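The values are calculated or read from the model by the stated rules, or taken from the named source; none is laboratory data. Remember, predicted model here, so these are calculated numbers, not experimental data. Here Cβ is always computed from backbone atoms with ideal geometry, including for glycine, and neighbour counts include all displayed protein chains. We work out accessible area using only protein heavy atoms, side chains counted, and drop any ligands, DNA or RNA first. Shrake-Rupley method; radii C 1.70, N 1.55, O 1.52, S 1.80 Å.
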Amino acid sequence: LLFHNASVSDRLVAHLTQVIEAEGPVTEGNLFRKVAQAWGLERTGARAVERLRTLMPDRMVRTIEEEKLFYWPAQSDITSWERLRVADAGDESSRRRIDEVCLEEISALVHHVLSQAGASSRQDVAHSVCRLLGMSRIPAQAQGRTDEALDRLIALEIVVDIEGQVRLAE
């Protein structure tokens, strides 16, 4: 299979970089699955994962969150991440589960929701974030991940919580 041939290593590195730049921050699992599928692999087995890991450029920013490795676009400033990806209703592949989204991007989504909605309950914020990701159900972990993002924004004094209602600080 061409994927495992050393002659295509540079093309694989370019493909990894392209996906990270377009979709990052992205989990390692999703990144490797997208690249492997684009190269005709139906499954991302251990051999394919190992090949892609060894090819991953050192310049790529990496973070680990809840045992998931996220790859970020090169030159990313994680501390002030504002880019967010919203699901396209007509494109099933644009949907993401909240556990596939890093805390920094959830924080950016929370900021976006509060800038649009004004003061909201934490539960309403979690529901809105999930809808933006294209999730039809709101799993229990979604509230926890959104609360974690809200607490981070409160600590940074970007959001305030007044009697259970969160809103952007003035």
Rounded to a whole %, the carbon-and-sulfur portion of the accessible area of segment 11-103 at a 1.4 Å probe is 47
Förster radius 22 Å - calculated FRET efficiency between residue 168 and residue 80, Cβ distance, rounded to 0.05: 0.90
Relative to the longest principal Cα axis of the chain, at what angle does helix 28-38 sit, 0 to 90 degrees, rounded to 10? 50
Assuming 0.36 nm per residue, please report the length gained on full extension of the stretch residue 8 to residue 157 beyond their Cα-Cα distance. 48.8 nm
For segment 31-170 the mean separation of alpha carbon contacts under 8 Å (6+ apart) over residue count, i.e. relative contact order in percent, is 18
Choice from 118, 24, 90 with maximal GNM fluctuation in the chain (Cα, 10 Å cutoff): 90
Return one number: the angle in degrees, 0 to 90 and rounded to the nearest 10, between the long axis of the Cα atoms of helix 140-155 and the longest principal axis of the Cα atoms of the chain. 70
I want to make sure I understand the PRE zone here: with the label point 7 angstrom from the Cα of residue 137 toward its beta carbon, which residues in segment 58-96 have backbone N atoms less than 16 Å away? 96
How much length, in nm to one decimal, is gained on full extension between residue 62 and residue 22, taken as 0.36 nm per residue of separation minus their Cα-Cα distance? 12.9 nm
Out of (1) 28, 23, 14; (2) 32, 19, 14; (3) 34, 16, 12, which label holds the value of semi-axes √(5λ) of the Cα gyration tensor in Å that was computed here? (3)
Rounded FRET efficiency, nearest 0.05, which uses the C-beta distance separating residue 37 from residue 89 and R0 of 30 Å: 0.85
With contacts defined as alpha carbon pairs under 8 Å and 6 or more residues apart, what's the relative contact order of segment 102-170 in percent? 40
In whole Å, how far is the Cα centre of segment 123-169 from that of segment 96-117? 8
Which peptide among 25-38, 73-86 comes first, and what is the full order, when sorted by highest mean count of other Cβ atoms within 10 Å? 25-38, 73-86
Output the 0 to 90 degree angle, nearest 10, between the alpha-carbon long axis of helix 103-117 and the longest principal axis computed from the alpha carbons of the chain. 40
Accessible area expressed per residue, the chain, with surrounding protein chains retained (probe 1.4 Å, Å²): 55
